[in-house]
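Note sheet for the following structure.
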Amino acid sequence: MKIFRDKKTLIDYVERQKEMGKRIGFAPTMGALHQGHLSLYKIANTENDLVISSIFVNPTQFNNPDDLKKYPRDIERDIMLLKNTGIIDAVYLPEVVDLYPDGLKSKSYDFDGLENEMEGKFRPGHFDGVGTVVEELLRQVKPDNAYFGEKDYQQLAIIQKLVDKLQLPVKIHGVAIYREENGLAMSSRNERLNHIQRDAAKVIYETLLKVNDWFHLITVSEINKRVKDIFDDKRGMTLEYFEIADEKTLKETDFFYKDKKYRAFIVVNVGVVRLIDNLHLD
Ligand code: PAF
């Protein structure tokens, strides 16, 4: 596995691979790798000649400096893990200057309103930061295919919008959420939960499954009320938001229309750990 620590060596490598006609699959990350990331690599490996990953904890997408400081970083462990997969051809470990040559600031994007829903209300500037770093990474790595987890469904929708608007020549793929045995969506943040919290957090996915059972049988406002009741009863957990939204526009719905697709979105704070999940309603 090749390791590139600066933009120039990465770009030279990509150019050579492109000249040889190789199809590149790319999965950008912020490190603290887990099974969820591995599931992206596995799919990328079946659909491309080369798999490239990147690790960069992107400061501009953190609206809370403390969150940025506490973000888990263990680059040696991550490199070892990537090597051990046996399917990663190269990892890009850029420095700030490689991605932000003019200094650490975000561009300002118009994602047709997707950025103002859900996470956008709670994390101002977050999606401009994600857009800035993902645009730059895609321009440097020039992948044919890029892979993102559906756990951050709004991010995935925004990246698709970015690529459409800028007409970047890459196909974006959403990869199904990888879950722990108890159903908890896999996340680097799960490591910060103690045993009791990790077990209790299974209620998040259980709730989404209940919502799916209730879908079309009761009204949206009744579903919202039942979800709120579930978390009102849970000690040590606070429901930050629950919404059923149109899968395309991400706008919250208060009524189910037959011809539209819906997804339930939830964010719960378990102690100080913010957990996010979603489920397509079917
Ligand atoms: O999902 C992530 O890990 C990050 O938001 C991403 C896409 C790597 C951009 O920093």
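The values are calculated or read from the model by the stated rules, or taken from the named source; none is laboratory data. Owing to the predicted nature of the structure, the values given are computational and were not obtained by experimental measurement. Please note: Cβ atoms are built from the backbone with ideal geometry, for glycine as well, and neighbour counts cover all protein chains shown. Calculation scope for accessible area: heavy atoms of the full protein, side chains included, ligands and nucleic acids excluded. Shrake-Rupley method; radii C 1.70, N 1.55, O 1.52, S 1.80 Å.
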Query raised in the report: From the list THR85, THR29, THR46, which one is of a type in the set (Val, Ile, Thr) and under 18 Å from the mean Cα position of the chain (by Cα)?
Result: THR29
Query raised in the report: Within region 16-66, restricting attention to residues that are among the acidic types (Asp, Glu) and loosely packed, with under 14 Cβ neighbours inside 10 Å, which residue is modelled with the lowest pLDDT?
Result: ASP66
Query raised in the report: Looking at region 40-63, which of the residues that are touching a helix residue (DSSP H, G or I) at 6+ places or on another chain (Cβ under 9 Å) and assigned to a loop (DSSP other than H, G, I, E, B) is farthest from LYS7 (Cα to Cα)?
Result: ASN63
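Would you confirm whether any residue within region 269-276 is assigned to a strand (DSSP E or B), within 16 Å of the chain's Cα centre (by Cα) and more than 12 Å from GLN154 (Cβ to Cβ)?
Of the residues in region 269-276, the ones assigned to a strand (DSSP E or B) are 269-270, 273-276.
Still in the list and also within 16 Å of the chain's Cα centre (by Cα): 274-276.
Subset that is more than 12 Å from GLN154 (Cβ to Cβ): 274-275.
Within region 269-276, one or more residues are assigned to a strand (DSSP E or B), within 16 Å of the chain's Cα centre (by Cα) and more than 12 Å from GLN154 (Cβ to Cβ).
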Query - Verdict on GLU15 being among the acidic types (Asp, Glu), free of Cβ contacts under 8 Å to residues at least 24 places away in the same chain and out of contact with any Ser or Thr (no Cβ under 8 Å at 6 or more places or on another chain) - result: yes
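Criterion first (open to solvent by 80 Å² or more (accessible area, probe 1.4 Å) and in contact with a strand residue (DSSP E or B) (Cβ under 9 Å, 6 or more places away or on another chain)) does LYS248 satisfy it? So that I can check it myself, show each step before the final result.
Values: open to solvent by 80 Å² or more (accessible area, probe 1.4 Å): yes; in contact with a strand residue (DSSP E or B) (Cβ under 9 Å, 6 or more places away or on another chain): no.
When the stated conditions are applied, LYS248 does not pass them.
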Query raised in the report: Mind checking whether some residue in region 126-137 is in contact with a strand residue (DSSP E or B) (Cβ under 6 Å, 6 or more places away or on another chain), in a loop (DSSP other than H, G, I, E, B) and touching a residue at least 60 places away in the same chain (Cβ under 8 Å)?
Result: no
Query raised in the report: So which residues in region 140-168 are away from the ligand (no atom under 14 Å from the Cβ) and either assigned to a strand (DSSP E or B) or closer than 21 Å to ASP98 by Cβ (or both)?
Result: LYS142, ASN145, LEU166, LEU168
Report task. Starting from region 169-193, keep only residues that are within 14 Å of LEU156 (Cβ to Cβ) and open to solvent by less than 50 Å² (accessible area, probe 1.4 Å), then list their pairs with residues that are polar (S, T, N, Q) and not in a loop (DSSP other than H, G, I, E, B) whose Cβ atoms are within a distance under 7 Å, requiring at least 6 positions of separation or different chains. Result -> VAL170/ASN145; ILE172/GLN160; HIS173/ASN145; VAL175/SER39
Requested in this report: Take LEU68 and decide whether it is within 15 Å of the ligand (Cβ to nearest atom), in a helix (DSSP H, G or I) and within 30 Å of ASN269 (Cα to Cα).
Outcome: yes
Requested in this report: Can you run down the residue pairs with Cβ atoms below 6 Å, 6 or more apart or on separate chains, where the first is in region 30-55 and of a type in the set (Phe, Trp, Tyr) and the partner is away from the ligand (no atom under 11 Å from the Cβ)?
Outcome: TYR41/VAL51; TYR41/THR85; TYR41/ILE87
